[in-house]
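Have a look at the structure below, then the notes.
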Amino acid sequence: MTRVTGRPQSRFVCQACAESFLRWEGQCRACGAWNTLVETVVHEPARRKAAPSGSRQLDEPTALGAVHEPAVPRQAIGIGELDRVLGGGLVRGSLVLVGGEPGIGKSTLLLQVAAGIATAGGGSVLYATGEESAAQVRLRAARLGLLGGAPAEGIRVVAEAEVGRIMEIARFERPGLVVVDSIQTATVDELDGPAGSVGQVRESALRLMDLAKGEGIAVVLVGHVTKDGSLAGPKTLEHLVDTVLSIEGERFAALRLVRASKNRFGSTEEVGVFEMGERGLAEVADPARAFLAEHDGPAPGSVIAPTLEGSRPILVEVQALVAPGAVGSPRRTASGVDPNRVALLIAVLGRRAGIGLASHDVYLNLAGGLTVGEPGLDLPIAIALASSLRDRPVHDRTVAIGEVGLLGELRPVSGLERRLREAARLGFDRAIVPRATRDASWTPPVGMEVIAVGSLGEAVERALVAAPARVATASARC
Ligand code: TYD
Ligand code: MG
C-alpha cells in the first residue's frame, strides 16, 4: 500500500484484515478469509484535494458550544411527498442513494426530481445514464410531459457510465444536481473489475462523494436492490452516503412508498406515498386510506390496522387465508410482514389462545403491497388468522392494533390517539387496543368505542362477530 507509483493502479485489498495483493484470489493468504478481496485504487491524490470545506479550522479544537451550527442549504424539489421524506428538500452537496427493485420506478422518480429541480430554479440537472440511451430517457420524459419549458432546457442527459468523465462534465456544467443511473453500471477506468463488482461500485461512489462534497452539488445514485432486499453492491455504500431512500411496493400494483432508511439531514421516519400512473408517479391525495382495499362488506380473514409510518397514520388491511394443509408440512406464506413474526404469532395463538393452526396452510398479505415492520401489527395479524380459521368476520368498521408478547399478553403501541383519530376520520367507530396504554392521558376520538383488552384470546373474541359467517360470505371467500 505504501508503494506509490506515478500512474494509478489497483490492488486487491482484503476486507477482513486489510492486507493487499496484486492479483485476485478466492482466499486471503494473510488471514485465510474467503471472498474478501476487493479491487481498490491505490494512490489517489485527487481525493485528498477534495477535503470538506471546513477542514482549515480543524487545526485548533473548538469548544463544543462555540462550534457553528452547520448551514444546510436545501433545494425543495416541489414534489411534496418527497420533500417531506428528505426533510424539506435536497441538501446541497449531499450524496443520496435511491434503492428499489428493478422496474419499481427509480428512473421515473428521478426524472421527475430532475424536472422539479430545474423548474424550481435549483440549477440545471446532469442526468448520467449507464443503463439506457439518451433517446430512451427522452421517451420517458415525453411520457411524463417534460419535453417543454424548464425541464426540457435544464435537464442535461448524457449516456455515460465512467465516473471520471461524469465528474469532468459536472465540473464543467456546474449543475445543481447530478443523477447517476445506476451505481451498478458506473465504472472507474483505473479498475479492472466489471461494472457492478464491489470494487467498482465502491470506488465510483467514493469519487461521486468527492464531487458532492467538493463542489457542493447534490448527487443522487440509483441502486438496484437484490432479491434478499439489500442494496446490491457493497453494504459500505449505505454507510458512505448521507441519505438512503428506498422505493417499495409491488411491481404490478400501482402504489409506491418512498421511505428514508437513513438521513443525515432529517428524520428517517417519514414516508411518501405515490401512485404509478400513465404519467409517472403522482402523489396520493389521502395516503391514510390509500392502502385500504374496497370490499362489499366484512370478510373473514380481513382486519384493518391503524399503523403509524413516522408521524403519518396509514390504515392498512391485513388479509389472512387459513386452509387445511398437507399433513406434516403446512405452508406459510407472508408478504408485507416478517414471516418469522407470523410464525411466532401462530405459535402464540396455539399455545395461549387455543387457536391451533399447526396443521393449516397460512397465507398472509397486506393489501396494496405495503410493507410494515412495526410490532403493533401483531394483534391485527393474529385476529386475521383467527377470523379466517373460524370463518367469522371482524365486526364492521373495526380496527385493531397492539403488540403481542410470548405469553399472549398485549403491549401498547405509541401514538394511539393519532392512529385512532385517523381511523375515526375514515369512518371506523370501534377499536380493539391493549388495555395498558403508553400515553398516560389520551382521549379517544369522539364517537369511537375503544375496547381495551388484556389478552390475545379476549381480543379475538371481542373482534369477531358472534354468529358463524353467513353461507354467502363464507363461500365468496373460499
Ligand atoms: P422505471 O422508472 O424504468 O423503473 P426502474 O428505473 O426502477 O427500473 O419504471 C418502471 C415501470 O414504470 C415500467 O414498467 C413502466 C412504468 N411506468 C408507468 O407505469 N408510467 C409511467 O409514466 C412511466 C414513465 C413508467
Ligand atoms: Mg431504471
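Yes or no, residue by residue, for (1) more than 30 Å from VAL41 (Cα to Cα); (2) at pLDDT 95 or above; (3) more than 16 Å from ligand 2 (Cβ to nearest atom):
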{"position": "SER107", "(1), (2), (3)": "no, yes, no"}
{"position": "GLY116", "(1), (2), (3)": "yes, yes, yes"}
{"position": "THR129", "(1), (2), (3)": "no, yes, no"}
{"position": "LEU139", "(1), (2), (3)": "yes, yes, no"}
{"position": "ARG156", "(1), (2), (3)": "no, yes, yes"}
{"position": "ILE166", "(1), (2), (3)": "no, yes, yes"}
{"position": "ILE169", "(1), (2), (3)": "no, yes, yes"}
{"position": "PRO175", "(1), (2), (3)": "no, yes, yes"}
{"position": "VAL180", "(1), (2), (3)": "no, yes, no"}
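Take segment 175-192 and flag every residue that is over 22 Å from VAL98 (Cα atoms) and charged (D, E, K, R).
Passing the criteria: ASP189, GLU190, ASP192.
So, of the residues in segment 234-291 that are aliphatic (A, V, I, L, M) and assigned to a loop (DSSP other than H, G, I, E, B), which turns out to be farthest from HIS224 (Cα to Cα)?
By that ranking, first place goes to ALA285.
Filtering segment 328-384 down to residues that are of a type in the set (Ser, Thr, Tyr) and out of contact with any Gly (no Cβ under 7 Å at 6 or more places or on another chain), which residue is farthest from SER414 (Cα to Cα)?
By that ranking, first place goes to SER329.
Return the only residue of ALA431, ALA452 being surrounded by 19 or more Cβ atoms within 10 Å (Cβ to Cβ), at pLDDT 90 or above and not β-branched (Val, Ile, Thr).
When all the criteria are applied, what remains is ALA431.
Table: residues versus (1) more than 16 Å from ligand 1 (Cβ to nearest atom); (2) in a helix (DSSP H, G or I).
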position: GLU69; (1), (2): yes, no
position: LEU97; (1), (2): no, no
position: LEU111; (1), (2): no, yes
position: ALA118; (1), (2): yes, yes
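Going by the conditions given, is GLY373 of a type outside the set (Ser, Thr, Tyr) and within 25 Å of the chain's Cα centre (by Cα)?
Judged against the criteria, GLY373 is a match.
Only one residue in GLU283, GLU215, GLU203, GLU269 is within 13 Å of the chain's Cα centre (by Cα) and of a type in the set (Asp, Glu), so which one is that?
The match here is GLU269.
Quick check: anything in segment 190-199 within 16 Å of ligand 2 (Cβ to nearest atom), out of contact with any Asp or Glu (no Cβ under 9 Å at 6 or more places or on another chain) and farther than 16 Å from LEU95 by Cα? Before the answer, list the steps.
Quick first cut of segment 190-199, residues within 16 Å of ligand 2 (Cβ to nearest atom) only: 195-196.
Narrowing the set further to residues that are out of contact with any Asp or Glu (no Cβ under 9 Å at 6 or more places or on another chain) leaves 195-196.
Add one more test, that the residue is farther than 16 Å from LEU95 by Cα, and what stays is 195-196.
There is at least one residue in segment 190-199 that is within 16 Å of ligand 2 (Cβ to nearest atom), out of contact with any Asp or Glu (no Cβ under 9 Å at 6 or more places or on another chain) and farther than 16 Å from LEU95 by Cα.
If a residue must be more than 14 Å from LEU420 (Cβ to Cβ) and surrounded by fewer than 22 Cβ atoms within 10 Å (Cβ to Cβ), how many such residues does segment 303-316 contain?
4
Could you tell me how many of the residues in segment 156-196 are more than 16 Å from ligand 1 (Cβ to nearest atom), part of a loop (DSSP other than H, G, I, E, B) and either aromatic (Phe, Trp, Tyr) or free of Cβ contacts under 8 Å to residues at least 60 places away in the same chain (or both)?
Within segment 156-196, residues that are more than 16 Å from ligand 1 (Cβ to nearest atom), part of a loop (DSSP other than H, G, I, E, B) and either aromatic (Phe, Trp, Tyr) or free of Cβ contacts under 8 Å to residues at least 60 places away in the same chain (or both) number 5.
Give just the number: which of (1) out of contact with any strand residue (DSSP E or B) (no Cβ under 7 Å at 6 or more places or on another chain); (2) on the phi > 0 side of the Ramachandran plot; (3) buried (at least 16 other Cβ atoms within 10 Å of the Cβ) does GLY249 not satisfy?
So the condition that GLY249 fails would be (1).
Sort out which residues of segment 262-279 are under 20 Å from GLY103 (Cα atoms), away from ligand 1 (no atom under 11 Å from the Cβ) and out of contact with any Lys or Arg (no Cβ under 7 Å at 6 or more places or on another chain), and write them in order of number.
Selection gives VAL273 alone.
So in segment 143-154, with the set limited to residues that are away from ligand 2 (no atom under 16 Å from the Cβ) and assigned to a helix (DSSP H, G or I), which one is farthest from GLU190 (Cα to Cα)?
Among them, the one singled out is GLY149.
May I ask you to list pairs of residues, at least six apart or on different chains, whose Cβ atoms are under 7 Å apart, with the first in segment 378-391 being more than 19 Å from THR333 (Cβ to Cβ) and the second being assigned to a helix (DSSP H, G or I)?
LEU379/ALA459; ASP391/ALA474
Could you check segment 1-47 and list, in sequence order, the residues that are at pLDDT 85 or above and of a type in the set (D, E, K, R)?
Those that are at pLDDT 85 or above and of a type in the set (D, E, K, R): ARG11, GLU19, ARG23, GLU25, ARG29, GLU39.
What residue, of VAL113, VAL125, VAL157, is in contact with a Pro (Cβ under 6 Å, 6 or more places away or on another chain), closer than 24 Å to LEU281 by Cβ and of a type outside the set (S, T, N, Q)?
From the options VAL113, VAL125, VAL157, the qualifying one is VAL125.
When you scan segment 368-381, how many residues do you find that are crowded, with 20+ Cβ neighbours inside 10 Å and either modelled with pLDDT under 95 or among the small types (Gly, Ala, Ser) (or both)? Before the answer, list the steps.
So the first thing to find is which residues in segment 368-381 are crowded, with 20+ Cβ neighbours inside 10 Å, and the list is 368, 370, 372, 376-381.
Subset that is either modelled with pLDDT under 95 or among the small types (Gly, Ala, Ser) (or both): 368, 370, 372, 376.
Counting residues in segment 368-381 that are crowded, with 20+ Cβ neighbours inside 10 Å and either modelled with pLDDT under 95 or among the small types (Gly, Ala, Ser) (or both) gives 4.
Could you list, in sequence order, the residues of segment 280-301 that are more than 16 Å from ligand 1 (Cβ to nearest atom), over 18 Å from GLY368 (Cβ atoms) and surrounded by 15 or more Cβ atoms within 10 Å (Cβ to Cβ)?
Result: PRO298, PRO300.
The values are calculated or read from the model by the stated rules, or taken from the named source; none is laboratory data. These numbers were taken from a predicted model, which means no experiment stands behind them. Every residue, glycine as well, gets a Cβ built from its backbone with ideal geometry; the counts of neighbours run over all protein chains shown.
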